[in-house]
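Chemist: Mind having a look at this structure? Questions to follow.
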Amino acid sequence: MSAALPSIHSDSVDAGDFGLLVHGGAGFVPEALVPAHIEGCRAAAREGARVLAAGGSALDAVQRAVEVLEANEHFNAGVGASLNAAGGLELDASIMCGRELRAGAVCALPPFASPIAIARRVLEDGAHVLMAGDAAARWAETQGFVRAAPADMITAGARDKLARVQAGGESGMWAGGTVGAVARDARGDVAAATSTGGTVNKRVGRVGDSPIVGAGTYADNALGACSCTGAGEAILRLTLARQALDRAATSSAVEGARRAIDELGRRLAAVGGLIVATPDGTLAFARNTRTMTWAWETARGPARAGA
Ligand code: ASP
């Protein structure tokens, strides 16, 4: 008999003209840390929504929201990101605009304070979609980005977590705390962004789903925008972000999110969560993990957040 699948938790809201939803990673946030994670998500959603309320683009809004989360050491992105098996940082991020299907991403990037800002630069440059490793870092420097000192980005919490995983006391399968945002702006454009340090104790050179267009992140004005979090190898194999949006297009935002997470559990016995913004202005999320902190701000209702 197969083990019982974890149940799926989901919610959605009609955002009206514009709205933004962020996640702070699927996983299990210990109860004592939940308020800080929720507050971090709220702050990011507030900043992103401010961009939308001022008439800004969904693309600028998701970038801003993810920058706020990258700067918050509680999350597994930017400062405080998870460490690889060698105790170093290799950062993954991607951003996509649904209007013209423009996308930019970086993977296995050495320490920079905001990988999502570099991913955005890749998008704006337009020559390529995905830049990797030290060559990506050298290109970023030509664009004015400054490398961060590892000591400024590696936190005691990240070091402790790596030590626990390497001692065999805890699974490093996925870290929790990966961050993402989806938005729909007043023009009807959608965008998505995701940033992470990846899984704890990953092999040097491992790249997860987060920087891969279609897997960790996807946006298309015809379908919607999606950012995923959870077991990266399974999300990659299912191209989960695109799957969720394809399903949303034939049902609803929340149904699409639920069906994609159901597939993750049923077909690959994997766990994760995702957030969606559809062209009609609906925001939705689904997860089969114990927690996934989130926050939304909309043009109509009150802001909300949860775990
Ligand atoms: N999906 C990320 C990765 O596998 C981890 C996470 O979402 O926490 O790199």
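Chemist: For region 180-199, what are the residues that are within 9 Å of the ligand (Cβ to nearest atom) and either more than 25 Å from Phe112 (Cα to Cα) or touching a Gly at 6+ places or on another chain (Cβ under 7 Å) (or both)?
Modeler: Correct list: Thr194, Thr196, Gly198, Thr199.
Chemist: When you scan region 200-229, how many residues do you find that are open to solvent by 10 Å² or more (accessible area, probe 1.4 Å), within 9 Å of the ligand (Cβ to nearest atom) and outside any loop (DSSP other than H, G, I, E, B)?
Modeler: Result for region 200-229: 0.
Chemist: Working only within region 130-169, note down all residues that are open to solvent by 60 Å² or more (accessible area, probe 1.4 Å) and touching a helix residue (DSSP H, G or I) at 6+ places or on another chain (Cβ under 7 Å).
Modeler: Result: Gln143, Arg147.
Chemist: When you scan region 30-135 for strands (runs of 3 or more DSSP E) that lie fully inside it, which ones turn up with 1 or more residues that are under 15 Å from the mean Cα position of the chain (by Cα)? It would help to see each step written out before you state the result.
Modeler: Numbers: elements: 91-97, 102-109, 130-132.
Qualifying strands (runs of 3 or more DSSP E): 91-97, 102-109.
Chemist: Here is a further query. Going through region 170-179 one residue at a time, which ones are open to solvent by 10 Å² or more (accessible area, probe 1.4 Å), within 13 Å of the ligand (Cβ to nearest atom) and not β-branched (Val, Ile, Thr)?
Modeler: Ser171, Gly172, Met173, Trp174, Ala175, Gly176 - these are the residues of region 170-179 that are open to solvent by 10 Å² or more (accessible area, probe 1.4 Å), within 13 Å of the ligand (Cβ to nearest atom) and not β-branched (Val, Ile, Thr).
Chemist: Restricting to region 14-34, name every residue that is open to solvent by 60 Å² or more (accessible area, probe 1.4 Å) and within 13 Å of the ligand (Cβ to nearest atom).
Modeler: Phe28
Chemist: Under the condition of being surrounded by fewer than 24 Cβ atoms within 10 Å (Cβ to Cβ) and either touching a Gly at 6+ places or on another chain (Cβ under 8 Å) or aliphatic (A, V, I, L, M) (or both), which residue from region 35-49 is farthest from Thr293 (Cα to Cα)?
Modeler: The extreme case among them is Ala43.
Chemist: Determine which member of the set Leu236, Leu240, Leu245 is within 16 Å of the chain's Cα centre (by Cα), at pLDDT 95 or above, crowded, with 24+ Cβ neighbours inside 10 Å and within 11 Å of the ligand (Cβ to nearest atom).
Modeler: Leu240
The values are calculated or read from the model by the stated rules, or taken from the named source; none is laboratory data. No experiment lies behind these values; they were computed from the predicted model shown. Positions of Cβ are generated from backbone atoms using ideal geometry, with glycine treated the same way; all protein chains shown enter the neighbour counts. These accessible areas exclude ligands, DNA and RNA; they are computed on the full protein's heavy atoms, side chains included. Shrake-Rupley method; radii C 1.70, N 1.55, O 1.52, S 1.80 Å.
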